[in-house]
Amino acid sequence: MATRVLVPIDDSEQSRAALDFALEEFSDAALIAIHVTDPGTVYGATGVEAGTKTSPETGTGVRDDYERIRTHRETEVERLLADARRRAEAAGVALETEALVGDIPKRIIASAEAHDVDRLVIGSHGRTGASRLLLGSVAETVARRSPVPVTIVR
């Protein structure tokens, strides 16, 4: 039986199912939930090309737009992690949480190694449609590269 389990989470139903599965199946293990933000989602959300000083949409400085979006994103991530902690507490399970930034599959694998986990539980996918085809499946990439067994939850 696994003693240390990593659960990458986002705001998808599959992610919530993965956390619920881990809380039920690995309730005696040390559980760690992480959320990884791809920095491209913050930069891309400004809608401004590199080198531009003023956003065409808002007329404000790029730095202002970036800071506003970054702050909003950090708030959303903390809300997501707080919800995971509440759900774990309701299940009577201790849960450590961590917010990370970087390439999502790479950060998940690095976190699994850093936390010395012996199991990874991940939702089947957070993206749908064309974005999943274009960007690939995080779960698939993690499963292929993980140094530990991976449970993919639908």
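The set of residues in the stretch 12-37 being surrounded by fewer than 16 Cβ atoms within 10 Å (Cβ to Cβ) and in contact with a helix residue (DSSP H, G or I) (Cβ under 6 Å, 6 or more places away or on another chain) is empty.
Take residues that are surrounded by 14 or more Cβ atoms within 10 Å (Cβ to Cβ), within 13 Å of the chain's Cα centre (by Cα) and modelled with pLDDT of 95 or more and tell me which of the helices (runs of 4 or more DSSP H) falling wholly in the stretch 44-154 contain 2 or more.
On the way: elements: 62-90, 104-114, 129-135, 138-145.
In the stretch 44-154, 62-90, 104-114 are the helices (runs of 4 or more DSSP H) which contain 2 or more residues that are surrounded by 14 or more Cβ atoms within 10 Å (Cβ to Cβ), within 13 Å of the chain's Cα centre (by Cα) and modelled with pLDDT of 95 or more.
The values are calculated or read from the model by the stated rules, or taken from the named source; none is laboratory data. Everything numeric in this text was worked out from a predicted model, so none of it was measured. All Cβ positions, glycine included, derive from the backbone under ideal geometry; neighbour counts span all protein chains shown.
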